[in-house]
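Notes to accompany the following structure.
The values are calculated or read from the model by the stated rules, or taken from the named source; none is laboratory data. Given the structure is predicted, the values throughout are model-derived calculations rather than measurements. Heads up, the Cβs are rebuilt from the backbone with ideal geometry, glycines too, and the neighbour counts pull from every protein chain shown. To get the accessible areas, we keep the full protein, side chains included, count just its heavy atoms, and leave off ligands, DNA and RNA. Shrake-Rupley method; radii C 1.70, N 1.55, O 1.52, S 1.80 Å.
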Amino acid sequence: MKFDIVIAGGGFAGAYCARELGKSLGPVEGPKRVALIAERNVLIFHPMLAEVAGSTLGPLDVVNPLRHFCRHVTVFQGTVQHIDGAARELIVDGGRFTRNQTVRCGKLVVALGSITNLSQIPGMAEHGWPMKNVADAIRFRAALINRLEEANIASDPAVRTRLLTFVVVGGGYTGVETAGQLLGFLHRALKWYPALQHRHLRVILLHAGDELLPEIGPSLGAYARGVLEKRGVDVRLKAKVQSLTLSKVTYEGGTIDTHTVLTTIGNAPNPVVNEMARELKLELAHGRLPVEPTMQVAGQPELYAIGDCAAVPWNDRGTLKTSPPTAQFALRQGRQLAQNLIRQRKGGAARPFAYRYLGQLATIGEHEAVAEVLGMHFRGFFAWWLWRTIYLAKLPGVLRRIRVMVDWTFDLIFNRDISVVLPPPDEVMRSIHLDAGEELFAQGSIARGVFLVRRGGVRLEGGSTRRVGPGDIIDQDDTDDAGAWTVTAVAAEPSDLIVFRGRAYQLLKDELKIVPRRAGRPARAGKAG
């Protein structure tokens, strides 16, 4: 488990670095000298994730197996738990049965990227849907269809309104593209739900900034907002989200009743990178490792960093900047670092990172997009054609390109698929967040689980009112013989709870002797140890 070069991270930066090294070293030397450690065994083409959520593309269209893409190197699937930058050793968790494997190397390339941290907004981690990988897109697509199915049978207008209200948080590329895809998918799907009408649907985009797509400029951001609003998306600017519960979003300016919130915010530095920086006494630059123009970590001759976790200096036509954390920069950093490592192996000198910025593109719905290419701005159908042409050319693998072209052609002719192949989630234990005054359950409703209060407090209102706090359990002591709640539970303040259902609920009943109360059984105060 020792290699000349180990690359930690299987995103654009790490995968393209490994691919370039494999090409140079060949099938004999490459696997012996170079290893790539990736959390998943595929390279995800993130710019097309929104189309998977919108059922335009299939999940296999936007992934490429790393063992196909990075030929002639050794690929390990595992999660990097710790990096000793000085000794260039990594502790890798390979799965349930292969934990704490040690990998050593002569040169280490850190390309771990960022992580999703939703804990800064109360309730976002518990109730928000992230859009980080293909599994997220598949789960969100299934959730959309399940909301339509529930709304189709719902008799309560308030419940139906919440089910048909969809909120997207974040006005960057992912948020704008997902909002457009979401609206298009829902409008096409409604023809199969006779009880629902277009006027029932609401897609709301919340953005904390002054204009959408701040990376691409205010004029194109304003154009994108106008197109989305014309199509029916409710765009709300300067609307920073403050909290999220199972049934509502609270933001600066109001609240929205909804059961479905997709979040595209919450990127945070990888904790493994943070820990390595502390051990090496490196000061992070806005959460990114400081590196030289050659992508060598400052003061560490055998340690390199690329991609979102690295603050790579970039000479933009005479102005020195830090490379933005985008795919086009990451893949070129990966390629150039590989070329530098090959030059150094042959006795040559490393070259500083150089790249001519080409521009950015974002699709905003049915045959509409915005684009900045070589300083020129495009919008409308031509920008949409550019988006599809450029990203199709960038998509790794000929087979994937053919699949995408076929799926895009089918989307122009046929209806989008509304099949749900995922089984319903078996949420035996789930965290939930309640705002002050929000109802947890109503008196008379059937108890289908028990609740543990983690933070805050809950009022139980019935014949009398009492309060339960952190460590208390709300269980079957408050149910009648039929298993219905005899009290109404309302959050006395912002509160976090854990609900136990299904197998976990059955286990609690069996082990803790929690059973529906019968006449004559004294009440038991539930307190978690």
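Go through the stretch 164-206 and give me each residue that's under 18 Å from PRO130 (Cβ atoms), open to solvent by 10 Å² or more (accessible area, probe 1.4 Å), in contact with a helix residue (DSSP H, G or I) (Cβ under 7 Å, 6 or more places away or on another chain) and not charged (D, E, K, R). Matches in the stretch 164-206: THR174, GLN181. Residues in the stretch 464-481 that are more than 33 Å from the chain's Cα centre (by Cα), open to solvent by 40 Å² or more (accessible area, probe 1.4 Å) and either on the phi > 0 side of the Ramachandran plot or touching a residue at least 12 places away in the same chain (Cβ under 8 Å) (or both): ARG467, ASP480, ASP481. Of all residues in the stretch 347-362, those that are over 14 Å from GLN333 (Cβ atoms) and touching a residue at least 60 places away in the same chain (Cβ under 8 Å) have Cβ atoms under 8 Å from Cβ atoms of residues that are of a type in the set (S, T, N, Q) and open to solvent by 30 Å² or more (accessible area, probe 1.4 Å), 6 or more apart or on another chain, in GLN360/THR326. Each residue in the stretch 321-346 was checked for being outside any loop (DSSP other than H, G, I, E, B) and free of Cβ contacts under 8 Å to residues at least 12 places away in the same chain, and 4 of them qualify. Return the pair list, or none, for Cβ contacts closer than 6 Å from residues in the stretch 121-145 that are farther than 28 Å from TRP192 by Cβ to residues that are open to solvent by 30 Å² or more (accessible area, probe 1.4 Å), at least 6 apart or on different chains. Close Cβ pairs (under 6 Å, with a partner that is open to solvent by 30 Å² or more (accessible area, probe 1.4 Å)) amount to ALA125/SER119; GLU126/SER431; LYS132/THR116. Restricted to the stretch 134-197, the set of helices (runs of 4 or more DSSP H) holding at least 1 residues that are touching a Leu at 6+ places or on another chain (Cβ under 6 Å) comprises 134-153, 173-189.
Scanning the stretch 287-336 for residues that are more than 23 Å from the chain's Cα centre (by Cα) and of a type in the set (Phe, Trp, Tyr), we see that the one that is nearest to LEU361 (Cα to Cα) is TRP314. Only residues that are under 17 Å from SER445 (Cβ atoms) and part of a loop (DSSP other than H, G, I, E, B) were counted in the stretch 464-481, giving 3.
Right, GLU372: open to solvent by 10 Å² or more (accessible area, probe 1.4 Å) and within 23 Å of GLY11 (Cα to Cα) or not? Show your work before the answer.
Numbers: open to solvent by 10 Å² or more (accessible area, probe 1.4 Å): yes; within 23 Å of GLY11 (Cα to Cα): no.
No; evaluated as a whole, the condition is false for this residue.
Restricting attention to the stretch 36-54, and to residues there that are surrounded by fewer than 24 Cβ atoms within 10 Å (Cβ to Cβ) and over 23 Å from THR363 (Cβ atoms), which single residue is farthest from the chain's Cα centre (by Cα)? For the stretch 36-54, the residue satisfying everything is ASN41. Within the stretch 238-255, the set of residues being open to solvent by less than 50 Å² (accessible area, probe 1.4 Å) and either in a loop (DSSP other than H, G, I, E, B) or under 21 Å from ALA224 (Cβ atoms) (or both) comprises ALA239, VAL241, THR245, SER247, TYR251.
Does the stretch 357-371 contain any residue that is more than 30 Å from GLY483 (Cβ to Cβ), over 27 Å from the mean Cα position of the chain (by Cα) and modelled with pLDDT of 90 or more?
Filtering the stretch 357-371 for residues more than 30 Å from GLY483 (Cβ to Cβ) gives 357-371.
Remaining after also requiring over 27 Å from the mean Cα position of the chain (by Cα): none.
Checked against the condition, which is being more than 30 Å from GLY483 (Cβ to Cβ), over 27 Å from the mean Cα position of the chain (by Cα) and modelled with pLDDT of 90 or more, the stretch 357-371 yields no hits at all.
Looking at TRP384, is it at pLDDT 90 or above, of a type in the set (A, V, I, L, M, F, W, C), open to solvent by less than 70 Å² (accessible area, probe 1.4 Å) and not in a helix (DSSP H, G or I)? No; evaluated as a whole, the condition is false for this residue. Considering every residue within the stretch 4-20, establish whether at least one is open to solvent by 60 Å² or more (accessible area, probe 1.4 Å), in contact (Cβ under 8 Å) with a residue 12 or more places away in the chain and farther than 10 Å from VAL73 by Cα. Yes, the stretch 4-20 contains at least one residue that is open to solvent by 60 Å² or more (accessible area, probe 1.4 Å), in contact (Cβ under 8 Å) with a residue 12 or more places away in the chain and farther than 10 Å from VAL73 by Cα.
Do you know which residues across the stretch 86-133 are part of a loop (DSSP other than H, G, I, E, B), of a type outside the set (D, E, K, R), farther than 30 Å from THR165 by Cβ and open to solvent by 30 Å² or more (accessible area, probe 1.4 Å)?
So in the stretch 86-133, the residues part of a loop (DSSP other than H, G, I, E, B) come out as 86-88, 94-100, 111-113, 117-123, 131-133.
Imposing the further condition that a residue be of a type outside the set (D, E, K, R) reduces the set to 86-87, 94-95, 97-98, 100, 111-113, 117-123, 131, 133.
Filter once more, keeping what is farther than 30 Å from THR165 by Cβ: 86-87, 94-95, 97-98, 100, 111-113.
If the condition is that a residue be part of a loop (DSSP other than H, G, I, E, B), of a type outside the set (D, E, K, R), farther than 30 Å from THR165 by Cβ and open to solvent by 30 Å² or more (accessible area, probe 1.4 Å), then ALA86, ALA87, GLY94, PHE97, THR98, ASN100, LEU112 are the ones that fit.
How many residues, within the stretch 207-224, are more than 16 Å from PHE378 (Cβ to Cβ), open to solvent by 50 Å² or more (accessible area, probe 1.4 Å) and either in contact (Cβ under 8 Å) with a residue 40 or more places away in the chain or of a type in the set (Gly, Ala, Ser) (or both)? Looking only at that region, the number is 2. For the stretch 11-68, residues that are among the basic types (Lys, Arg) and either at pLDDT below 95 or in a loop (DSSP other than H, G, I, E, B) (or both) total 1.
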